[in-house]
Amino acid sequence: MKRGLIITINLLIMGVILFFIIRYANTKAEESNKNEIIAFEKMTMTTNQIIANYLEDEQHLCDIWANYINRSAEDGAPMTAEDAVSFIRKAKISSEIEGHLIFLDSPDREGISTTARVSDPSVYTVSYKNLKIFDNISVSDTSDVVNLTRAYTNPMNGVQSIAFLNNVTVLDKESGEQKKGLLMRVVPLSRLEQKLVFLKGEYENVEISLVDKEGNYVVHGKSFKNSNFFEYYKSYNAATSEEYERVIKEIAGGTGTMTIKNFKKEDCILSYTPLETMTTWFLLAYIPVNDLVASRSIDWQLLGIATVGFLILLIFNSIVMMNYNRELSEAAKQANQANEAKSSFLSTMSHDIRTPMNAILGLNEMILRETRDDNIRMHSESIKTAGSTLLGIINDILDFSKIEAGKMEIINVDYSFASLLNDLVNMVQKKAEDKGLSFNLNIDKNIPMVLNGDEIRIKQVIINILSNAVKYTKQGGITFSIHADKMQDKPDRVRLKVSVADTGIGIKPEDLDKLFVAFERIEEKRNRNIEGTGLGMTIVQRFLDMMGSHLEVQSEYGKGSVFSFELEQKVVKWDPIGDFEEAFRRSTSERANYHEKFTAPEARVLVVDDTPVNLTVFVNLLKRTGLQIDTAESGDECISLFAKKSYDAIFLDHMMPDKDGIETLNEMKDITDTPNKETPVICLTANAISGMREMYTKAGFDDYLTKPIDAERLEMMLLQYLPEDKVTIVSDKEDTTSDNNDTDEYVLPDFLRDIKELDIDSGLDYCGDCEDYLMALETYLGSAEKKAEEIEKYWAERDIKNTTIKVHALKSTSRSIGALELGEFAARLEKAGNSGDQEILEKELGELISRYRQLAKDLEPLKDLEESDK
Amino acid sequence: MRKSFKTLLSLGMATMLLLPGCGNGKKEEAAFVPKYDKDTEFSLTVAGSYGNFESLEAEFERFYEYYPNANLEYVTMDDYNNVISSALVNNEPPDIFTTSSWMVGNEMYDAMFDACEVLSDSSSGIDYSCIRESLIRTTDSGDVVMLPIFTTSYGMLVNMDIFEKEGLKVPTNFKELMEVCTKLKNAGYESPMMGADRFSGSGLFNCFVYPMFAYNVTKNSDKIDALNNFEPSSGELMRPALERLNEFVNSDCIDVAKCQEEIVDEYDSVIMRFFEGDVPMMFATGDVVSGTAKRESKSDAFTANPFKYKFFTAPAGDDGGYFINSISICFSVNKNSRNIDMANEFMRFLISKKELGNMAGLKRLIPPVDDFSSDEIYSALADIPADRSFSDKETGLLDPAVRQFRAAIYAVGNGEMTVDEAVAAYGSIPEE
């Protein structure tokens, strides 16, 4: 997943979380706001109670004054206005509070004040002529009702005040009659406001107003910009007339809370309640909404912290992930290097094992062809079997390597099913018989003759299953069955049902799963003597999977197993194969010793390999075909021959010192003046790991042949590439050589037995017969000086790599002629060369070359023999 | 050379920025620069007789931008004129209070003026040069203790839509007025001009000819004392105005009876009748105009069919109308204020072309500065020639003389006296 995508997903998740946090915070904030508003409303009620208590207290004090004055009147000794005011002057405690006794029926609503006018201390007369504060006020004698004016300007001192009222009866001095007067306890408004100071602690910007039922202010909060609250509301709230009426009704209707806009167009909370003592007055508590919901900012802080936290987490995780990725990348790099090392190892192993295997199996093939000694033939057959097993193991490992690398491909070709069966039975039947097992065939006669599919992989699959059956069966037998069913929905196809039943050791149910695990071997301890890599069934399963099938296993521990699979194959030729068992029996009984598939004495091929023994093997394997074979031991020699002589096919080794096969091929391609422009060039290689075919094809080779060279494959390949007019096919019944007359015409010269460095028996064993041995010795002699000089040259240049390659070649060739000690000596120095031990090379290489030259010198009489032969 | 020029330029700009208040009339007004720390906490109370003073409260808000910790409050005082003197010496005195030009010379307010800060004193830092000089009142000793905030005038509200509809131009002199009125009358307007038939200054007769009379007085300054002393012969000075009034009420311009019937007071009724939309011209003072904005929404007729209207001087003169500018209210600073520095600071802020214009615009009164752009309704006043623009201070008339003139026009306008009778009775014409 790309980093950008991961970051986007992380940010989206963060966004979702933050969204839910915001929603949650908003919900909580709304709840909190509601609670705040409820608390504010409660505060309004509390304020209402405080104001009511205060007003009642003030009214009560006014009542006391009035009661005293009125009691005097009731007692028949009414006070004059001056006496009453004098009494009040004495009774009142606070200098801020004034008592006004006025007579509403006087022309100027005049009366007497307890306190002189501040602007003229001699004047105690007070006039309310220009003050409209007594409208709508009903003055009553009952003491439990507060009779209150709105806030007004005290005409005596200009202070905003409120007045508590009571009727009193006083004596009119002039008339001697009693008359009604209005007693006013005038209290500065600030005294009432002081009672509300406590609110400032809790609500900094709260404003308390008192309005009458028309909305006119009694006490005016400073934020209300009008003399009438309802006018103020209308001015700043763009209310419709319906809304305006509703607000008036709501406020007059009781206690509640509403949201209004102030003159700054800010939302404000207005809590209202009728004044307890004066139901025609209403208390309005006003506060900007932001003051009530200030706690919201804490939520935003938390949100900010959460966001920053998430971002830090994201960055931290990204850094950690980047480190992990770096480590993983490093690990992947190391793994790739290890894989490359594995590939390199496999390549080396393949090469190093296949190279000697080429000699072993090639020369063994010569023995099988040429010996008439049954014992020798038996031994040779054993060598062939062991060699094949070893090659099988190597091939398994290489196949697994290909599958792991994803380079294994299914290549469908037309193939003869009888031929495939033939190969299979040939390969397995003898093994089974050797173990004393019965090998039963149950082959459907109606299997079509020619099918289309990957013959090689099918053969590998069945061989693996059959080989396993043979390996793990001690007694009893193996039944190999194949049946073909036509497919209704695919008329050009058949379904092959292949099964191999054995009476072997069987598999425990709990081990069945291990069957397909690479390198896992069931009951390792019990089966330690049974050869194998543990890859067989894994490869089978993978191949079947690639071909759209799968392996089924039914097994009973201790009794045997049945391995089966079904495979669809396209039919090329519907002719049935008939009775294969009978045909096979017949062919077996008629099976003769080796004979060449063709002869081509007119054809000429060139084989190039830096190892002379390999050239010998190649030449011998094709000896009976009569082919003209030229050999070359280096790229340059090859190029020289390529330019001069005409060939029908060229076999070119890949791994050679100085100029390898690919470099040589490239140079050959550049040569225009050659009779071999169209000549196929086949790569000889001991590398058989995955991807080789692609590599060689890309390099320009027409084909490749792996070492050890399979004689049959070699002949088949030549049949493919040689011109038809130069090839004569040899039928099975023909035999171009008279084996019976085949005797060893060559006698080894006596001087050879005097050469200490040579173990003639080993040489003969290696080369097969005297003729080949002599040929090998001559080859060895012919190239000795040159090889010795090459080693010296490379060593002089301190080219350890090429020195080691040459010593390696010396080792192989020396061993092949029976110079075993010299071979061992060379092997030791090769090892030193491979480990970069220059010291040993410095010390001993001279001796090796010296012994090499001495041996060549000892072999020089062979030249005389050669001359004389000519 | 260039460096010196730059230095001079910087100094010049700095000086311009430091110039306080209105500055010179034509000069670009310098922005207000607070003198004190903006975090200064203080409270100020402004006392006045207005029930509402929203335009002032808007200025409070603007002032808070410079002093966010300030707390200014407007307090309406009952029986203001009688109480203000006491309020200034009580325990909770206002820091700033409203005053009127008619208070000058009245003994009752001597104590009040004694309590006023001298605003012409340079220590107050107030530059009132943006205010029209004719509006500045001084004490006998020449001190300026009150600065006009709003002014008013006498004239008429004109329904511009009607004039546009009838293809007429607003008349600028008496002859044009007669012609226009005839056309309007012919167009179906029963009384092309209306107004409140009241004795007060907002009465229709006063709005029509008082500016003409006052102008005549200014041109005969030698007779002012006689007028103020009610010398009978000085009544002749009223004759031109009274004759013009007589001519007017007997023309097609006005149906006085209709006015009496349909306009019951000189304020609310005038506005609401005008908003009915069928009166081309309505006599009004600036104070009446100030009530129009709020009443637009109260008038169903105006809400249904709004129209454009403007204030013009009444075209009573042969050469045109007269713009007499009267002070509506002034502000004075209580020199005993507990926050005298901040009270002066607020005044320094307020006395500027910009802020006075803002206030007048909100209140819909005429600003005391030479800029009528704050409210388009008064824009026509800018076209009155300087010769016919003057303040009531320039007339030198005392309030009793003004009231006698008002009694004369009320009697003549209503047909209770002839012009000759009124002229002859000057000094003893019965007042309301």
(request) Just give me the residues in segment A:753-789 being among the charged types (D, E, K, R), over 59 Å from the mean Cα position of the chain (by Cα) and closer than 20 Å to A:GLN854 by Cβ, in sequence order. (result) A:ARG753, A:ASP754, A:LYS756, A:GLU757, A:ASP759, A:GLU778, A:GLU785
(message) Need pairs with beta-carbon distance below 7 Å; first residue under 21 Å from A:ILE410 (Cβ atoms) and within segment A:568-580, second assigned to a loop (DSSP other than H, G, I, E, B) and among the acidic types (Asp, Glu); sequence gap 6+ or separate chains.
(response) A:LYS570/A:ASP492; A:VAL571/A:ASP492
(request) Kindly indicate whether A:TRP300 is touching a Lys or Arg at 6+ places or on another chain (Cβ under 9 Å), of a type in the set (Phe, Trp, Tyr) and away from chain B (no Cβ under 14 Å). (result) no
(request) Test each condition in (1) in a helix (DSSP H, G or I); (2) at pLDDT 80 or above; (3) buried (at least 21 other Cβ atoms within 10 Å of the Cβ) for A:LEU758 and report the one that comes out false. (result) (1)
(request) Kindly establish whether A:SER122 is of a type in the set (S, T, N, Q), at pLDDT 85 or above and buried (at least 20 other Cβ atoms within 10 Å of the Cβ). (result) no
(request) Search segment A:206-254 for residues being β-branched (Val, Ile, Thr) and within 19 Å of A:PHE40 (Cβ to Cβ), and hand back the single one that is farthest from the other protein chains (Cβ to nearest Cβ). (result) A:ILE251
(message) So B:TYR109 passes all but one of these: (1) within 30 Å of B:THR218 (Cβ to Cβ); (2) at pLDDT 90 or above; (3) away from every other protein chain (no Cβ under 14 Å). Which condition number does it fail?
(response) (3)
(request) Go over the candidates A:VAL187, A:VAL145 one by one and state the one that is within 28 Å of A:LYS92 (Cα to Cα), crowded, with 23+ Cβ neighbours inside 10 Å and either in contact with a helix residue (DSSP H, G or I) (Cβ under 9 Å, 6 or more places away or on another chain) or at pLDDT 85 or above (or both). (result) A:VAL187
(request) Restricting attention to helices (runs of 4 or more DSSP H) lying wholly within segment A:653-739, give those where 1 or more residues are among the polar types (S, T, N, Q), at pLDDT below 90 and exposed (fewer than 15 other Cβ atoms within 10 Å of the Cβ). (result) A:692-699, A:711-721
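Residues checked against (1) at pLDDT 90 or above; (2) assigned to a loop (DSSP other than H, G, I, E, B); (3) within 12 Å of chain A (Cβ to nearest Cβ):
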site	(1), (2), (3)
B:PHE5	no, no, no
B:GLY12	no, no, no
B:CYS22	no, yes, no
B:PRO34	yes, yes, no
(request) Could you tell me which of the residues A:ASN167, A:ASN205, A:ASN216 is touching a residue at least 60 places away in the same chain (Cβ under 8 Å), farther than 27 Å from A:ASN262 by Cβ and not basic (Lys, Arg)? (result) A:ASN167
(request) Report, by residue number, each residue of segment B:80-106 that is more than 10 Å from chain A (Cβ to nearest Cβ) and touching a Phe, Trp or Tyr at 6+ places or on another chain (Cβ under 7 Å). (result) B:ILE96, B:THR98, B:MET103
(message) Can you say whether A:LYS831 is among the basic types (Lys, Arg) and at pLDDT 85 or above, as far as the supplied structure shows?
(response) yes
(request) Could you please find all residues in segment B:124-147 being within 15 Å of B:ASN334 (Cα to Cα) and of a type in the set (Gly, Ala, Ser)? (result) B:SER124
(request) Report yes if some residue within segment A:215-222 is part of a loop (DSSP other than H, G, I, E, B), at pLDDT below 80 and of a type in the set (Lys, Arg); otherwise report no. (result) yes
(request) Specify the residue that is nearest to the other protein chains (Cβ to nearest Cβ); the eligible residues are those in segment B:64-79 that are in contact with a strand residue (DSSP E or B) (Cβ under 9 Å, 6 or more places away or on another chain) and more than 25 Å from A:THR153 (Cβ to Cβ). (result) B:TYR64
(request) Please find, among A:LYS811, A:LYS806, the residue that is charged (D, E, K, R), under 18 Å from A:ASP610 (Cβ atoms) and in contact with a Gly (Cβ under 7 Å, 6 or more places away or on another chain). (result) A:LYS811
(request) Of all residues in segment B:293-341, count the ones that are more than 16 Å from the chain's Cα centre (by Cα), over 30 Å from B:ILE96 (Cβ atoms) and of a type in the set (A, V, I, L, M, F, W, C). (result) 5
(message) Consider segment A:156-205. How many of its residues are within 14 Å of chain B (Cβ to nearest Cβ) and part of a loop (DSSP other than H, G, I, E, B)?
(response) 6
(request) Would you be able to say whether some residue in segment B:315-331 is assigned to a strand (DSSP E or B), of a type in the set (S, T, N, Q), touching a strand residue (DSSP E or B) at 6+ places or on another chain (Cβ under 9 Å) and modelled with pLDDT of 95 or more? (result) no
(request) Go through segment A:51-79 and count every residue that is under 22 Å from A:VAL186 (Cα atoms) and in a loop (DSSP other than H, G, I, E, B). (result) 1
(request) From the list A:SER235, A:SER227, A:SER175, pick out the single residue that is among the polar types (S, T, N, Q) and crowded, with 18+ Cβ neighbours inside 10 Å. (result) A:SER235
(request) Check off (1) within 27 Å of the chain's Cα centre (by Cα); (2) over 27 Å from B:THR139 (Cβ atoms) for B:MET417 and give me the number that stays unchecked. (result) (1)
(message) If I filter segment B:276-285 for residues that are buried (at least 20 other Cβ atoms within 10 Å of the Cβ), among the acidic types (Asp, Glu) and assigned to a loop (DSSP other than H, G, I, E, B), do I get at least one hit?
(response) no
(request) Please give the number of the condition A:ILE137 fails out of (1) at pLDDT 85 or above; (2) surrounded by fewer than 19 Cβ atoms within 10 Å (Cβ to Cβ); (3) within 30 Å of B:PRO94 (Cβ to Cβ). (result) (1)
(message) If a residue counts only when it is at pLDDT 90 or above, under 57 Å from the mean Cα position of the chain (by Cα) and closer than 26 Å to A:THR389 by Cβ, which strands (runs of 3 or more DSSP E) contained entirely in segment A:530-645 have at least 3 such residues?
(response) A:560-576
(message) Please go through segment B:371-384 and give me each residue that is touching a residue at least 12 places away in the same chain (Cβ under 8 Å) and in contact with a strand residue (DSSP E or B) (Cβ under 9 Å, 6 or more places away or on another chain), ordered by number.
(response) B:ASP375, B:GLU376, B:ILE377, B:TYR378, B:SER379, B:ALA380, B:LEU381, B:ILE384
(request) Name the helices (runs of 4 or more DSSP H) wholly inside segment B:195-253 in which the number of residues that are within 22 Å of B:ALA314 (Cβ to Cβ) is 3 or more. (result) B:204-219, B:239-249
(message) Can you confirm whether B:LYS175 is more than 25 Å from the chain's Cα centre (by Cα) and modelled with pLDDT of 90 or more?
(response) yes
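The values are calculated or read from the model by the stated rules, or taken from the named source; none is laboratory data. Because the structure is a prediction, the values reported are computed rather than measured. Ideal geometry is used to build each Cβ from the backbone, glycine not excepted, and the neighbour counts take in all protein chains shown.
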